[in-house]
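Asks: One structure, pasted below without further comment.
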Amino acid sequence: MREAELSQALASGIAELNLQITAEQQETLLTYIALLNRWNKRFNLTAVRDPAEMIPRHLLDSLSVSDYLQGKRVLDVGTGAGLPGIPLAILLPDIQFTLLDSNGKKTRFVRQAVMELGLKNVQVEQMRVEAYRPTQKFDTVITRAFAALSEILSLTSHLLAPTGQLLAMKGRQTQDELEVADLAGRSVEVIQLQVPQLEGERCVVLINRKVE
């Protein structure tokens, strides 16, 4: 797919998601995909090889959860090649994002992408999530295809602010995972996502700590 067609596919998807985005932000998103595609040929950062597939499966999928973020500090756990953190950081420059992953190859790419894209609101950390002890906790912790809900809750509970929320992006219904997860003292909402140009089910599980 030519660059103009990629641009049109992205613009169409953004319009369907009803997002307010500038031409410069759209160009930055496309630059990110071009960087990812180039690095992917050497370092195998993502199983998606075709930039035309990266538009819906990486960019639009990531952006589809933007309305559900809360607060000014967001942690992307298991960010991999920077997803969903980099697309969200491009869209939401007033929010500070920390992108966390233990894989050195992937965090090297993410640091390079953050530098080349000029993203001032992104910090990258290479560390296992259970070992990560930031000085300030997060308003939103987000994961994308990271682990089962029970494991996500166990691994990230020390990172959430007292009124923080967890957003777990999933590719299917998660009833089985919800039944075995320890949800005591939390409220849970499963939100169906409609991702343009993407077949299959997508949802995000929003888990809040209840304020007593």
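The values are calculated or read from the model by the stated rules, or taken from the named source; none is laboratory data. Since we're looking at a predicted model, the values are computed, not measured. Ideal geometry is used to build each Cβ from the backbone, glycine not excepted, and the neighbour counts take in all protein chains shown.
Asks: So in the range 12-34, with the set limited to residues that are closer than 15 Å to Q112 by Cα and without any contact (Cβ under 8 Å) to a residue 40 or more places away in the chain, which one is surrounded by the most Cβ atoms within 10 Å (Cβ to Cβ)?
Replies: I33
Asks: Which residue pairs have Cβ atoms under 7 Å apart, sit 6 or more places apart or on different chains, and have a first residue in the range 138-155 that is of a type in the set (G, A, S) and a second that is surrounded by 19 or more Cβ atoms within 10 Å (Cβ to Cβ) and in a strand (DSSP E or B)?
Replies: A145/M169
Asks: Among (1) free of Cβ contacts under 8 Å to residues at least 60 places away in the same chain; (2) within 14 Å of the chain's Cα centre (by Cα), where does S64 come up short?
Replies: Here S64 meets the rest and fails (1).
Asks: Test K170 against the stated conditions and say whether it is modelled with pLDDT of 95 or more, basic (K, R) and under 25 Å from K72 (Cα atoms).
Replies: On the way: modelled with pLDDT of 95 or more: no; basic (K, R): yes; under 25 Å from K72 (Cα atoms): yes.
Taking the combined requirement at face value, the residue does not satisfy it.
Asks: When you go through (1) crowded, with 16+ Cβ neighbours inside 10 Å; (2) outside any strand (DSSP E or B) one by one for L75, which number turns out not to apply?
Replies: All conditions pass for L75, except number (2).
Asks: Moving on to the next point. State all residues of the range 35-51 that are surrounded by fewer than 17 Cβ atoms within 10 Å (Cβ to Cβ) and aromatic (F, W, Y); if no residue qualifies, say none.
Replies: Residue satisfying the conditions is F43 alone.
Each row is one residue, and each column tells you yes or no for (1) under 24 Å from C203 (Cβ atoms); (2) touching a Ser or Thr at 6+ places or on another chain (Cβ under 7 Å).
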residue: A4; (1), (2): no, no
residue: T22; (1), (2): no, no
residue: N44; (1), (2): no, no
residue: R49; (1), (2): no, no
residue: E53; (1), (2): yes, no
residue: Y68; (1), (2): yes, no
residue: L83; (1), (2): yes, yes
